[in-house]
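Peer 1: Below you'll find the structure I mean.
The values are calculated or read from the model by the stated rules, or taken from the named source; none is laboratory data. Please read these numbers as outputs of a predicted model, since none were measured by experiment. Please note: Cβ atoms are built from the backbone with ideal geometry, for glycine as well, and neighbour counts cover all protein chains shown.
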Amino acid sequence: MLTITAILLVSQFQSCGIYSMSGTSTAASTMQVDPFYNNTDLGPANLGTIFTNSLKEYYQQNSSLRILQDDGELQIDGVITGYTVTPVAPVSSGNVIQPDAAAMSRLTITVQANYVDTLKPENSFKNKSFSFYADFSNDRDLTTVREGLERKIFQQIMLDIFNVTVANW
């Protein structure tokens with residue numbers, strides 16, 4: 001009896017149309033991901049391309065949306081506006097804190113996105129900012145840890161964008 005109840009519940013959720021088992025709540029079936037441009041001074045030149053391609057893959061893996069070049073029911077684009085490295089953990093020598101020296105640094109990336117939902121325009125937004133960071137030890141050079149930090153930061157930013165666009169969180 002318990003098995004039959006579970007099957008009925010699952011089939012009821014699947015038949016709703018706008019809710020899926022992946023957590024998305026949109027009636028759209030297509031999405032257009034336009035390029036996110038890198039408008040930072042410090043970020044690598046290919047940062048925008050990496051983010052755009054990663055975002056396309058994220059939507060494909062976490063929703064049933066088909067990614068199109070043009071005329072998607074959902075459309076997103078944006079700009080990477082921030083790529084900053086700041087000290088976060090001052091070094092102390094005995095009882096004296098040395099403010100110009102740091103044991104840890106923080107890489108922060110900020111992305112500004114524009115989103116259009118052609119089916120429910122009230123869900124659309126313009127210039128919404130998403131930001132996240134990752135810390136690294138100063139005994140490591142940024143160039144050696146950069147790719148891993150960017151991947152970690154982008155994962156969180158993509159989750160935030162996904163939640164605000166198709167998961168409606």
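Peer 1: Starting from segment 100-123, take each residue that is outside any strand (DSSP E or B) and list its partners that are modelled with pLDDT of 95 or more, counting only C-beta distances under 6 angstrom and pairs at least six apart or across chains.
Peer 2: Thr118/Glu73; Leu119/Glu73; Asn123/Asp117
Peer 1: Restricting to segment 111-169, count the residues that are within 16 Å of the chain's Cα centre (by Cα), modelled with pLDDT under 95 and surrounded by 15 or more Cβ atoms within 10 Å (Cβ to Cβ).
Peer 2: The qualifying residues number 2.
Peer 1: Additional query: Out of the residues in segment 95-110 meeting the condition of being modelled with pLDDT under 90 and of a type in the set (A, V, I, L, M, F, W, C), tell me which one is surrounded by the most Cβ atoms within 10 Å (Cβ to Cβ).
Peer 2: The residue in question is Ala102.
Peer 1: Residues in segment 1-52 that are outside any loop (DSSP other than H, G, I, E, B), at pLDDT below 95 and under 25 Å from Gln75 (Cα atoms): how many?
Peer 2: Count: 1.
Peer 1: Go through (1) closer than 30 Å to Val164 by Cα; (2) of a type outside the set (Phe, Trp, Tyr); (3) at pLDDT below 90 and name the single condition Pro90 misses.
Peer 2: (1)
Peer 1: Report, by residue number, each residue of segment 68-85 that is closer than 19 Å to Leu159 by Cβ and either touching a residue at least 60 places away in the same chain (Cβ under 8 Å) or loosely packed, with under 15 Cβ neighbours inside 10 Å (or both).
Peer 2: Leu74, Ile76, listed by residue number.
Peer 1: Continuing with the same structure: Name the single residue, out of those in segment 55-67 being of a type in the set (S, T, N, Q) and without any contact (Cβ under 8 Å) to a residue 40 or more places away in the chain, that is nearest to Val33 (Cα to Cα).
Peer 2: Only one residue tops the list, namely Gln60.
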